[in-house]
Amino acid sequence: MGLLAYLKTQFVLHLLIGFVFVVSGLVINFIQLCTLVLWPLNKQLYRRLNCRLAYSLWSQLVMLLEWWSCTQCTLFADQATIDRLGKEHAVIILNHNFEIDFLCGWTMCERFGVLGSSKVLAKRELLCVPLIGWTWYFLEIVFCKRKWEEDRDTVIAGLKRLADYPEYMWFLLYCEGTRFTEKKHRVSMEVAASKGLPPLKHHLLPRTKGFTTAVQCLRGTVAAIYDVTLNFRGNKNPSLLGILYGKKYEADMCLRRFPLEEIPQDEKEAAQWLHKLYQEKDALQETYNEKGVFPGEPFRPARRPWTLLNFLFWATVLLSPLFSFVLGVFASGSPLLILTFLGFVGAASFGVRRLIGVTEIEKGSSYGNQEFKKKE
């Protein structure tokens with residue numbers, strides 16, 4: 001193991017990275033809170049400012065993937081699709097099989113200039129998660145309880161508010177509703193059989209309500225649906241902790257573009273279109289498992305320096321006073337002060353670990369486990 005690789009495994013560096021992310025995130029959230037006064041005066045200025053504030057936070061996580069672990073992300077698509085990326089509003093459909101699938105998606109958002117304005121249909125519990133949920137609130141992210149009877153009006157209103165969004169946005173939909181696990185897959189396929197739908201080998205049965213509603217509400221705003229099927233070479237199953245330890249992965253993403261006018265306007269027909277799309281995604285995954293490559297021409301968009309420069313800015317601003325404070329604590333010789341500081345370090349490390357735990361598959365929601373009983 002080389003020196004750099006060894007350093008990447010050291011807990012103290014992980015703690016410092018976590019410190020920079022958490023403290024800068026709190027500062028960013030405070031600034032976002034202050035920008036609320038702009039909403040009634042100039043809504044579009046408020047949105048543009050918050051896109052850049054969000055970028056300053058999310059890009060720190062992208063930096064870990066791109067510069068710390070040096071993970072490679074390769075797109076498989078046609079040139080016409082590549083040429084449109086970042087130049088139109090789009091709905092992104094991504095499979096939900098991996099702990100860092102969102103991070104690979106954010107990396108592509110960053111490389112095509114839409115990271116700060118990226119959107120997602122998120123579970124309401126995330127609204128209470130510091131930094132992540134709070135930043136999403138200021139970005140007008142649509143939160144839902146995943147009970148359609150209660151969510152319908154909230155989701156529709158939230159989507160319609162985005163009709164005049166001033167910057168190109170990618171709206172991410174995890175149509176499966178939750179991360180893939182063997183248990184959830186078994187239950188999901190029982191539901192598929194009860195509905196007379198073809199079985200899926202590598203995906204859960206897609207939830208159609210969110211998709212059809214998003215298409216209806218964003219029609220006239222969004223230009224296309226981008227279907228993304230993600231896999232990792234070598235049958236790897238990466239984690240955010242692995243990224244933090246500097247492990248390098250190779251992500252392959254098969255990208256297909258569907259103009260929105262090709263999506264049926266009728267809700268039932270749009271739902272059928274989505275089921276067909278997931279059957280195609282399943283076939284793509286099967287092809288990848290057999291051949292180790294997706295069909296299409298490979299593109300590897302160059303990483304940009306802004307994520308690294310942004311992190312170095314925050315590290316410079318926040319770590320200098322931290323080091324001065326730590327030296328002062330130990331120089332004081334006070335056992336009480338030193339123990340208090342060590343207790344704070346322990347609490348901080350626990351908090352960072354809890355934030356990482358949000359991404360872990362085994363810590364994911366139980367959503368989908370009872371689908372067969374519900375017979376939805």
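The values are calculated or read from the model by the stated rules, or taken from the named source; none is laboratory data. Everything numeric in this text was worked out from a predicted model, so none of it was measured. Cβ placement follows ideal geometry from the backbone for every residue including glycine, while neighbour counts extend to all protein chains displayed. In case anyone asks, the SASA skips ligands and DNA or RNA and just uses the protein heavy atoms, side chains included. Shrake-Rupley method; radii C 1.70, N 1.55, O 1.52, S 1.80 Å.
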Exercise for review: Considering every residue within the stretch 219-238, establish whether at least one is at pLDDT 95 or above and not in a strand (DSSP E or B).
Suggested key: yes
Review point. Taking the condition assigned to a helix (DSSP H, G or I), more than 24 Å from R111 (Cα to Cα) and open to solvent by less than 40 Å² (accessible area, probe 1.4 Å), does L15 pass?
Key: yes
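Out of all the residues in the stretch 58-74, is one or more more than 30 Å from T316 (Cβ to Cβ) and of a type outside the set (G, A, S)? Before you say what the answer is, go through the steps one by one.
So the first thing to find is which residues in the stretch 58-74 are more than 30 Å from T316 (Cβ to Cβ), and the list is 74.
The next check asks that each one be of a type outside the set (G, A, S); those that pass are 74.
Yes - at least one qualifying residue is present in the stretch 58-74.
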Review point. Is there a residue in the stretch 192-212 that is in contact with a strand residue (DSSP E or B) (Cβ under 7 Å, 6 or more places away or on another chain) and at pLDDT 90 or above?
Key: yes
**Study point:** Meets criteria (over 15 Å from the mean Cα position of the chain (by Cα), surrounded by fewer than 22 Cβ atoms within 10 Å (Cβ to Cβ) and within 24 Å of L75 (Cβ to Cβ)) for E167
**Key:** yes
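Only one of R256, R219 is open to solvent by 20 Å² or more (accessible area, probe 1.4 Å), in contact (Cβ under 8 Å) with a residue 40 or more places away in the chain and within 20 Å of the chain's Cα centre (by Cα). Can you tell me which?
Working: R219 fails: within 20 Å of the chain's Cα centre (by Cα).
Among R256, R219, only R256 is open to solvent by 20 Å² or more (accessible area, probe 1.4 Å), in contact (Cβ under 8 Å) with a residue 40 or more places away in the chain and within 20 Å of the chain's Cα centre (by Cα).
Hey, among R52, R47, which residue is among the basic types (K, R), buried (at least 19 other Cβ atoms within 10 Å of the Cβ) and assigned to a helix (DSSP H, G or I)? Quick ask: steps written out before the conclusion?
Working: R52 fails: buried (at least 19 other Cβ atoms within 10 Å of the Cβ).
Residue meeting the stated conditions: R47.
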